Amino acid sequence: MESWITDIMEQYGYFGILLMIALENLFPPIPSEVILTFGGFMTTYTSLTPLGVIVTATLGSVIGAIILYYVGHLLGVERLEKIIDKWGRVLRVKKEDIRKADAWFEKYGYWAVFLCRMVPLIRSLISLPAGMSHMKFVPFLLFTTVGTLIWNSLLVSIGAAVGDNWTEIVEFMDIYSNIAYAIIGVCIIIVLVLYIRRAKKF
């Protein structure tokens, strides 16, 4: 996958970067670390500039985030509640659970969107609950853009600074990603355990 990504970026320049980053948001297994650090490296031997790569990558990220936001918006909490009405007993989920989660996201959602833009995998998926909770679009766009801009600026700048050694940064970021995935996995397990314990009480 890495060679496919770099080939497209080298062939299409800024458009290739925008396309890859937009796809990365829609298909999280595509690693943003490769796109951004290689994009930074490209500024050392092509006409691309660090600012141009950062702006293009941020635009691509925002486009992908907006698409997922509207997917979540179309689904919405109301439709989710209808699903719970039909399958709630089987899933052991109540409408109150959905409402509590929605209320939590309404209270902390903006900061969640901002911070999660710097966490692998979650940086893409966070747009879905934002859309489902009908988070106001302008603040969503603002927090998404700022969080994404920080992440993109960091990795593009590092890629430009290390040049040929950009792959070493990707290896380091893989470690960061694995730690993030492990934490996410532990959180999922904890939620499942609490869910099973609660289900046994009924």
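The values are calculated or read from the model by the stated rules, or taken from the named source; none is laboratory data. All figures in this text were calculated on a predicted structure; none of them were measured in a lab. Because the Cβ atoms are built from the backbone with ideal geometry, glycine has one as well, and the counts that use them run over all protein chains shown. Accessible surface areas use protein heavy atoms only, side chains included; no ligands, DNA or RNA. Shrake-Rupley method; radii C 1.70, N 1.55, O 1.52, S 1.80 Å.
Examine the range 81-103 for a residue that is modelled with pLDDT of 75 or more, in contact with a helix residue (DSSP H, G or I) (Cβ under 6 Å, 6 or more places away or on another chain), open to solvent by 40 Å² or more (accessible area, probe 1.4 Å) and in a helix (DSSP H, G or I), and state whether such a residue exists. Checking the range 81-103: not a single residue is modelled with pLDDT of 75 or more, in contact with a helix residue (DSSP H, G or I) (Cβ under 6 Å, 6 or more places away or on another chain), open to solvent by 40 Å² or more (accessible area, probe 1.4 Å) and in a helix (DSSP H, G or I). Could you please tell me which pairs satisfy a Cβ distance under 9 Å, a separation of 6+ or placement on different chains, a first residue in the range 48-67 that is closer than 22 Å to His134 by Cα, and a second residue that is open to solvent by less than 20 Å² (accessible area, probe 1.4 Å) and of a type in the set (Phe, Trp, Tyr)? Matching pairs, first to second residue: Ser61/Trp151; Ala65/Phe140; Ile66/Phe140.
Every condition in (1) open to solvent by less than 60 Å² (accessible area, probe 1.4 Å); (2) hydroxyl-bearing (Ser, Thr, Tyr); (3) free of Cβ contacts under 8 Å to residues at least 12 places away in the same chain is met by Ser32 except one, and the failing one is (3).
One line per residue, one yes/no per condition, for (1) part of a helix (DSSP H, G or I); (2) open to solvent by 10 Å² or more (accessible area, probe 1.4 Å); (3) of a type in the set (A, V, I, L, M):
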{"site": "Gln11", "(1), (2), (3)": "yes, yes, no"}
{"site": "Ile17", "(1), (2), (3)": "yes, no, yes"}
{"site": "Leu48", "(1), (2), (3)": "no, yes, yes"}
{"site": "Ser61", "(1), (2), (3)": "yes, no, no"}
{"site": "Ala65", "(1), (2), (3)": "yes, no, yes"}
{"site": "Val71", "(1), (2), (3)": "yes, yes, yes"}
